[in-house]
Amino acid sequence: MDCIFCKIAAGIIPSKKVYENEHVLAFYDLDPQAPVHVLIIPKTHITSAAEITPENSAIVARIFEAAAVIAEKLELKDGFRIVSNCGPAGGQSVPHLHFHLLGGRDMTWPPG
Ligand code: DGP
């Protein structure tokens, strides 16, 4: 298991958990880019959004269901942003599918 987020999902590397169910784990990002910066990951290894297929795409729905629960729990009443960086040009640094949930400040557009 040579994947940081697989190790976090397995509890081998500690994280500050926000939400967890059978399929999904959410924890605070080590390098927050907003007052609230949570990473939501599938517990099973999928490398990136580019690896989503009809066979594994249900996890994306589970992740967005978790995002709505987390946003409610963290009182992001004014809104939030969900981002998934994909591949080197997309700015992905950890090759395990993850969604950044950012909130607590006004977001800018376009992102850098
Ligand atoms: P990305 O660059 O989109 O692949 O996002 C990866 C994020 O993961 C980045 O914001 C920093 C965060 N990160 C990397 N390693 C760890 C870790 O060990 N623990 C936590 N909580 N976050 C991590």
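A few notes on this one:
- Over the range 40-84, equivalent-ellipsoid semi-axes from the Cα gyration tensor in Å: 23, 10, 9
- The chain, helix-only ellipticity at 222 nm - DSSP H runs n ≥ 4, -39,500 (n - 2.57), divided by all residues, nearest 500: -6500 deg cm²/dmol
- When peptides 64-73, 86-95 are ranked by their average number of other Cβ atoms within 10 Å per residue, the highest-first order is 64-73, 86-95.
- Computed over the chain, Cα set: Rg, Dmax in Å: 13.5, 39
- Across the range 8-68, the convex hull enclosing all Cα atoms gives 100 Å³ per residue.
- Among residues other than Arg105 with Cβ under 15 Å from its Cβ, the summed charge is -2 (Lys and Arg +1, Asp and Glu -1).
- The calculated FRET efficiency for Met1 paired with Arg81, based on their beta-carbon distance and R0 = 25 Å, is about 0.25.
- Mean Cβ count within 10 Å, highest first, over the residues of peptides 102-109, 51-58: 102-109, 51-58
- Annotation: amide H of Gln92 within the under-5 Å range of Cys86, Gly87, sequence separation 5 or more or interchain, hydrogens built in the peptide plane.
- Residue order, fewest to most beta carbons within 10 Å, for Tyr28, Tyr19: Tyr28, Tyr19
Every read-out reported here was derived from the displayed coordinates using simple, explicitly stated rules and does not represent laboratory data. Being a predicted model, the structure only gives us computed values, none of them experimental. All Cβ positions, glycine included, derive from the backbone under ideal geometry; neighbour counts span all protein chains shown.
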